1. Taking strands (runs of 3 or more DSSP E) that do not extend beyond segment A:9-110, which have at least 1 residues that are in contact with a His (Cβ under 8 Å, 6 or more places away or on another chain) and over 25 Å from B:Ala87 (Cβ atoms)?
2. Could you grab me the full set of residues in segment A:1-24 that are under 26 Å from B:Gly106 (Cβ atoms) and at pLDDT below 95?
3. Give the residue that is farthest from the other protein chains (Cβ to nearest Cβ), with candidates limited to residues of segment B:56-65 that are surrounded by 13 or more Cβ atoms within 10 Å (Cβ to Cβ) and more than 13 Å from B:Ser31 (Cα to Cα).
4. State yes or no: is B:Val113 open to solvent by less than 30 Å² (accessible area, probe 1.4 Å), more than 14 Å from every other protein chain (Cβ to nearest Cβ) and touching an Asp or Glu at 6+ places or on another chain (Cβ under 6 Å)?
5. Would you be able to tell me the number of residues in segment B:17-55 that are open to solvent by less than 30 Å² (accessible area, probe 1.4 Å), at pLDDT below 95 and among the aromatic types (Phe, Trp, Tyr)?
6. Sort out which residues of segment B:1-13 are assigned to a loop (DSSP other than H, G, I, E, B) and open to solvent by 70 Å² or more (accessible area, probe 1.4 Å), and write them in order of number.
7. Please specify each residue of segment A:53-68 satisfying the condition of being under 17 Å from A:Ser24 (Cα atoms) and among the small types (Gly, Ala, Ser).
8. Could you please find all residues in segment A:76-110 being open to solvent by less than 20 Å² (accessible area, probe 1.4 Å) and closer than 30 Å to B:Glu54 by Cβ?
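The values are calculated or read from the model by the stated rules, or taken from the named source; none is laboratory data. Remember, predicted model here, so these are calculated numbers, not experimental data. With ideal geometry, Cβ positions are generated from the backbone for all residues, glycine too; neighbour counts draw on all protein chains shown. What goes into the accessible areas is simple: the full protein's heavy atoms, side chains included, and nothing from ligands, DNA or RNA. Shrake-Rupley method; radii C 1.70, N 1.55, O 1.52, S 1.80 Å.
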Amino acid sequence: EDKVVQSPLSLVVHEGDTVTLNCSYEVTNFRSLLWYKQEKKAPTFLFMLTSSGIEKKSGRLSSILVKKELFSILNITATQTGDSAIYLCAVDRGSEKLVFGKGTKLTVNP
Amino acid sequence: DAGVTQSPTHLIKTRGQHVTLRCSPISGHKSVSWYQQVLGQGPQFIFQYYEKEERGRGNFPDRFSARQFPNYSSELNVNALLLGDSALYLCASSLANWQSYEQYFGPGTRLTVT
């Protein structure tokens, strides 16, 4: 059975801290791994990773995929209160069917 | 450019009733997928439609059905509603070509079954 596991499930930090969110997966026919940020309703697309070892960056956020070990990390540096959200990891099995983890709830306190 | 739109935003129904949820994809996107997100969980795949044909179905009962129209908009129908169907229903669209298949989500429809 396809499985995506995120850790930690919940994280509370102070503004300015750096956080690392983890996502491990066991799926058949892996095509890509996607990260989303969900604040109220709509998950907002952050990154799509297909190649191992290549870091993707967007401002203070970065992510990397390690295919050999079946995991990905999402880093957020110099966190701000606006980074408070649920971060979802999903794996695309090549059929447009995304398999999601439960998410990591990040709370950034001022 | 408008993103993915969904209607209604909120809905309250009684057990046994039927509901229809609607989704309009981003202009130019031909693939629409539906997901159910129960509180505290990640979204779960229900259906994927591409060019009006069902291309994928998740592990949901036959009470759930969907279709895609010629303009690529889509409807999700749920019959004989149960309390457990209460959830946020998300629609996602994508270009679904070899160059780009990132899925972009709409704001969702919050369904409450009482």
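1. Working: elements: A:10-14, A:19-26, A:32-38, A:43-49, A:56-58, A:61-66, A:71-76, A:85-92, A:98-100, A:104-109.
By residue number, A:104-109.
2. Correct list: A:Asp2 only.
3. Pass one, segment B:56-65, residues surrounded by 13 or more Cβ atoms within 10 Å (Cβ to Cβ): B:56-58, B:60, B:63-65.
Narrowing the set further to residues that are more than 13 Å from B:Ser31 (Cα to Cα) leaves B:57-58, B:60, B:63-65.
Numbers: B:Arg57: 9, B:Gly58: 7, B:Phe60: 12, B:Arg63: 20, B:Phe64: 15, B:Ser65: 17 Å.
Among those residues, the one meeting the criterion is B:Arg63.
4. Values: open to solvent by less than 30 Å² (accessible area, probe 1.4 Å): yes; more than 14 Å from every other protein chain (Cβ to nearest Cβ): yes; touching an Asp or Glu at 6+ places or on another chain (Cβ under 6 Å): yes.
Yes, satisfied.
5. 3
6. In the first step, residues of segment B:1-13 are kept if they are assigned to a loop (DSSP other than H, G, I, E, B); the result is B:1-4, B:8-9.
If the condition is that a residue be assigned to a loop (DSSP other than H, G, I, E, B) and open to solvent by 70 Å² or more (accessible area, probe 1.4 Å), then B:Asp1, B:Ala2, B:Thr9 are the ones that fit.
7. If the condition is that a residue be under 17 Å from A:Ser24 (Cα atoms) and among the small types (Gly, Ala, Ser), then A:Gly53, A:Ser62, A:Ser63 are the ones that fit.
8. Selection gives A:Leu88, A:Cys89, A:Ala90, A:Val91, A:Asp92, A:Glu96, A:Leu98, A:Gly101, A:Gly103.
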